[in-house]
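Beneath this line is the structure, given in structure tokens, with notes to follow.
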Amino acid sequence: MFRLSEYMHQIRTPSAVRTRPENRVIKPVVIWNLTRRCNLRCRHCYTVSADVDFPGELTHEQAMATLEDLGQFRIPALILSGGEPLDRKDLFEIAERARGLVRMLALSTNGTKLHSEAADRVAEIGFDYVGISIDGIGATNDWFRGVEGAFSDAVRGVRECKARGIKVGLRFTITESNHTHLPGLLQLCDDEGVDKFYLSHLVYAGRGDKNRSEDAEHVRSRKAMDLLIERAWDGVNGGRPLDIVTGNNDADAVYFLNWVQREFGKDKAEHIRAHLKAWGGNSSGLGVANIDTQGNVHPDTYWSDYTVGSVKHTPFSELWTSADPMLAQLRTRPRPLKGRCGACIHKDVCGGNTRIRALQLTGDPWAEDPACYLSDGEIGVHETNSERLTVTPFRGKSHDPVHRFT
């Protein structure tokens, strides 16, 4: 996750760079998909959820035991997600216990059920943040979400959260079919007093993989960043505060760095670069982890085809500190990147971007990320030195005999 507003503040009020201790396992933010059940049918759903019961999901006892382990492991944050997490009957029991175990507790929801008693319970438990997913204004959102009225229900969820003093954000996945709605969504944030806006680039996983043709063209990504940078800068300079972050395309950090260089010169850019380098870009398998509905642990929410192990059999803390070969490579700096990503002079800033896209298209998790929208000149490479990406859908098995891709 690239925290645009946070780094924008560094231009106005610079602070010392915080570095990570060497040779220490980073305790990850854990995104926990509690259930695949969901009342919507989103076109880019990475869990391929539906409004039915799915067998094999963690029992209440298994979920509570996992919570205790996460608490003892001292993870910094826990995000309860789905499907639609409000469709899990024991969600609030899980959340109530989690509140006493983790420093930061968040809920990721489609917002359509976040009304009345459900909103009351979210407030009573004390969630630090509620992220509500939305994919456009009005009918466009409903088309993406597969249910008429989803937009109005989600906006109602925003309002009910704000009425109860809950910090709330909108989460927007940009594609070719909805990119024109970005200005309207930013206006919606201002109109409704939304605290945070998260722009997600499309990741080729679940139904998002099937709909990869809708991935925003590179020019759309650049225009979106231009708009977000303008809005974030306005917030820093006395406009209405809005915490803007982006995800699933760490090239955003380099694009921002280039903007700082153009607008403020070398000294400011070097300061920002030092902060971005300390952040390190893509954090899959390092600063972020996923537990899916079946209890399987993955490097992040989109790596469902690669399983480190299951919390049904082994505590998360043991899995995360094991000698898993993929986790070891993801934690290597620099990563063993190829093509444009390998030749890029900014790979210490973006960390090689989102590896699952390269995997889905080539079968090689270390190939260049096809969603990097920066030119060769912007990343300091020449076409002759770049192994151009061959776009061929990957549907095979892992070459690693220990782990498999399904």
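The values are calculated or read from the model by the stated rules, or taken from the named source; none is laboratory data. Remember, predicted model here, so these are calculated numbers, not experimental data. A quick note on method: Cβ atoms are made from the backbone with ideal geometry, for glycine too, and the neighbour counts reach across all protein chains shown. SASA here: full protein model, heavy atoms, side chains in, ligands and nucleic acids out. Shrake-Rupley method; radii C 1.70, N 1.55, O 1.52, S 1.80 Å.
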| task | Provide the FRET efficiency to the nearest 0.05 for the Arg74-Val219 pair, computing r from the beta carbons and using R0 = 35 Å. | result | 0.20
| said: With a cut-off of 8 Å between alpha carbons and a minimum separation of six or more residues, what is the relative contact order of the stretch 64-162 in percent? | reply: 27
| field | Residue with peak Gaussian network fluctuation, the chain [Cα springs, cutoff 10 Å], from Ser81, Ser108, Ser322 | value | Ser322
| said: If R₀ is 35 angstrom, what is the calculated FRET efficiency for the pair Asp90 and Asp376, using the beta carbon separation as r and rounding to 0.05? | reply: 0.10
| query | What number, in percent, do you get for the relative contact order of the stretch 213-326 if the mean sequence gap of Cα pairs under 8 Å and at least 6 apart is divided by its residue count? | reply | 11
| said: Which residue fluctuates most in the GNM of the chain (Cα springs below 10 Å): Asp120, Asp128, Asp369? | reply: Asp120
| Summing Lys, Arg as +1 and Asp, Glu as -1, what charge do residues with Cβ under 12 Å from the Cβ of Arg3 carry, Arg3 excluded? | -3
| request: Quick one: among Asn258, Asn110, Asn296, which has the greatest mean-square fluctuation in a GNM of the chain with alpha-carbon springs under 10 angstrom? | output: Asn258
| In this model, which of Lys223/Lys347; Lys277/Lys347; Lys162/Lys196; Lys277/Lys338; Lys167/Lys196 are farther than 18 Å apart at the alpha-carbon? | Lys223/Lys347; Lys277/Lys338
| request: Return the ratio Rg/(2.2 N^0.38 Å) for the stretch 271-350, where Rg is computed over Cα atoms only. | output: 1.24
| field | Estimated distance in nm for a label pair at Asp190 and Glu124, the labels positioned 7 Å out from Cα along Cα-to-Cβ | value | 3.8
| message | At 1.4 Å probe size, what's the solvent-accessible area of Glu68? Round to the nearest 10 Å². | response | 60
| field | Total formal charge among the other residues, if their Cβ is under 14 angstrom from that of Ala119, Lys/Arg +1 and Asp/Glu -1 | value | +2
| said: With viscosity set to 0.890 mPa s at 25 °C, what whole-number translational diffusion coefficient in µm²/s follows for the chain from Stokes-Einstein and a Kirkwood radius over Cα pairs? | reply: 113
| Label-reachable residues, the stretch 250-287, where backbone N falls under 11 Å from a point 7 Å from Thr19's Cα toward its Cβ | 278
| Where the centre of each part is set by its Cα atoms, how far does the stretch 140-174 sit from the stretch 229-251, in angstrom? | 20
| task | Count the DSSP beta bridges whose two residues both fall in the chain, then state the antiparallel fraction as a percent rounded to the nearest 5. | result | 15
| query | For Gly352, what is the net charge nearby, where nearby means another residue's Cβ is under 13 Å from its Cβ and Lys, Arg count +1, Asp, Glu -1? | reply | +3
| remark: Here D for the stretch 53-151, in µm²/s, from Stokes-Einstein with a Kirkwood Rh over Cα pairs at 25 °C and 0.890 mPa s, works out to 168
